[in-house]
Structures are given as C-alpha cells and as structure tokens.
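The values are calculated or read from the model by the stated rules, or taken from the named source; none is laboratory data. Since this is a predicted model, take the numbers as computed values, not measurements. Cβ placement follows ideal geometry from the backbone for every residue including glycine, while neighbour counts extend to all protein chains displayed. Surface areas here come from the heavy atoms of the whole protein model, side chains and all, with no ligands, DNA or RNA. Shrake-Rupley method; radii C 1.70, N 1.55, O 1.52, S 1.80 Å.
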Amino acid sequence: MKIAFVGKGGSGKTTLSSLFIRHLAANEAHVVAVDADINQHLGAALGLDEDEAAGLPAMGAQLPLIKDYLRGSNPRIASAATMIKTTPPGEGSRLLRVREANPVYDACARTVRLDDGEIRLMATGPFTESDLGVACYHSKVGAVELCLNHLVDGRDEYVVVDMTAGSDSFASGLFTRFDMTFLVAEPTRKGVSVYRQYKEYARDFGVALKVVGNKVQGEDDLDFLRAEVGGDLLVGIGQSDWVRTMEKGRPAPFELLEADNRMALQALQNVAEDSYELRDWERYMRQMVHFHLKNAESWGNEKTGADLAAQVDPSFALGEHCAETGAALPAPA
C-alpha cells in the first residue's frame, strides 16, 4: 500500500509517520519510507544521527539515473531527458517493487535498522542554497512521483511518504498516488485548516483521507475535531513520554511506547489494510495519464522539445499482475 502523511508544519506529521513506520516494521511488514518534506527530518525521527541523516543520498540528485532505469526499452520515450515527473509506464518500462534490489534503491535508498526489523529509507534531498531563485521544491519531489508511477506494490508491502507541509502536493498529481492519506491535525482552528484544503481539492479524485488528531489532551479536543472533520476523524493521539525521550536522542525500545498510542497506530494499519481491497488500478492509471497530459501541455512539451502526449500508451495497464510478468500488460479489451 502507498501511504501519505500530510499536515501543516508543526502538526507532528513527521513524528507520526516515523511511529507508523516503526509499527509496520514491528509487525513484519515490508516498508520503503520516503522523506519528501522540504525539511528533511524523517531520518532523525527514525533514529539516525545527524551525520547519518545528512548522508542520505538525494533522490533529486539521482533523477537522471532514475529516469534512465525506469525508461527501460519503452519505445514511446526517446530518451531519459524527455521524461518528466508524470511520465507513465508502458511497454518496455522497468517497474519498481518494494522487496526487490534494483539500481534505483542502490543509488537512493539506505537500510535503517529499527528495534524490530529494518526498512529502506529514501529522501528527496533538502532545498539547498544553490536552488534559491532557480528551482522549486516540486522538481525534487518529482523524483518521488515518477517512482510511484512505476511502482507495483502488494499486500503487506508499504511505501510510506512523509509529504511536505501544507497543500503543496496539489501542485502536481502526487496527491492521487496513494491508497490512503493520513492528515495529521492538532485540535485547533489552524490545525484543521489544511484538512479543509485537502478535502476540497481531493474530492473530485477519489482520494481516501483520514484525519489523525495529534497532541490530543482530552475528550474536549476529540469533540472539537469531530465537529470540524466529522467521520474523517480516525483516532486521536496524546502526548507521549516515549516520543519526548526519542526527540532528545535517547529513544527507549519501541515496545515501551504507550499502549494507547500503539493501539492508535494499529488503527492506522487496519485502515490502510482495508484500503487494499478498494484498489482501483484503472482509476490510478487514468489519473496518472490525466496529470501527465496536463503537465505536458502547460510546461513539459516546451521544456523537453517533445510531444509528451505520445508517451501515453492506452493499451497498457498497471497492476499487481505486473509483479509477476515484469512489465505492464495490455489492458482488457
């Protein structure tokens, strides 16, 4: 399953995504974690020290390699230079799988050992001084979108993405790439403002959205969130001594996380697993093509000097069957 954590800055989005990743690893799920936030803190939240976190390879810096690998022998893509973040897979494209070894993971992922297992961690890379005035952060996040477009994942396989704060993901089609989006909201008016934006933007695209109340101190906070977000509220998470210790650089064993918070994380996993049964690969591909054509017309054709609409092959479909065959297969007639 592909899972996104979103929310306003300071909501606890990165902390909760790291707890969820630890929880999945403890439950023996296979996990690829992606730090796609402009402020790169997921590595530290997963226990890396400053040097280890700073040493994570940047996906944005490896974009030529990513494009060249994913392009494979796809005859509709003349060169890696003509691929953009929304380019869909087709005949001859190489696809990514959560459990495999491949050049993209070799270049961009590092294994992180947790208390109860290990995960792969990838990071878009920070917004650097050299980017100022000449680039936007969406160009870095584009590497994530391109990888998700070419990903085939199955049951008990998770890609968990810590997204950039606010509603910036709506600048591309990235927000439609997930089976479930968890929006982390504090029980305040500002805390639910991003929820309203997400709900409005996502309404027409069938995005599955659940709210995780964070820093909840009592029933009054839960009542407030219920009144603001209704049935989208999944669970509330309270203050955590375990998290405070972790943030001081002295993490206790994960099994000592408070029982209430462990139950809340299990609720997130249950909802994520339920979303697996609702997967609609046809819609996923249709939305991929929609945003590709939109990006091609607005800037992609001019930037690459190519007709990017020609990259779309309507006779191909993405789905879990591709994990067995190694490529996209013809869509049903």
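Listed by first and then second residue, the pairs with beta-carbon distance under 6 Å, at least 6 apart or on different chains, first residue in segment 219-240 and touching a residue at least 12 places away in the same chain (Cβ under 8 Å), second open to solvent by less than 80 Å² (accessible area, probe 1.4 Å) and in a helix (DSSP H, G or I), are V229/Y195; L233/L225; V235/A264; V235/A267; G236/L222; I237/N261; I237/A264; S240/N261. Taking (1) modelled with pLDDT of 90 or more; (2) under 21 Å from the mean Cα position of the chain (by Cα); (3) part of a helix (DSSP H, G or I) in turn, F224 satisfies each apart from (2). Out of curiosity, is V212 farther than 23 Å from Y284 by Cβ, among the β-branched types (V, I, T), in contact with a strand residue (DSSP E or B) (Cβ under 6 Å, 6 or more places away or on another chain) and assigned to a loop (DSSP other than H, G, I, E, B)? Taking the combined requirement at face value, the residue does not satisfy it.
In this structure, does K67 turn out to be crowded, with 18+ Cβ neighbours inside 10 Å, out of contact with any Pro (no Cβ under 8 Å at 6 or more places or on another chain), touching a residue at least 40 places away in the same chain (Cβ under 8 Å) and part of a loop (DSSP other than H, G, I, E, B)? Judged against the criteria, K67 is not a match. For the structure I just gave you, tell me whether Q311 is modelled with pLDDT of 95 or more, among the polar types (S, T, N, Q) and open to solvent by 20 Å² or more (accessible area, probe 1.4 Å). The answer is no for Q311.
Here's the yes/no breakdown for (1) surrounded by 14 or more Cβ atoms within 10 Å (Cβ to Cβ); (2) farther than 30 Å from L46 by Cα:
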site	(1), (2)
R203	no, yes
L222	yes, no
V235	yes, no
Q269	yes, no
Y276	yes, no
A296	yes, yes
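For segment 36-46, a residue qualifies if it is open to solvent by 50 Å² or more (accessible area, probe 1.4 Å) and either out of contact with any Gly (no Cβ under 9 Å at 6 or more places or on another chain) or hydrophobic (A, V, I, L, M, F, W, C) (or both), and the qualifying residues are I38, H41, A44.
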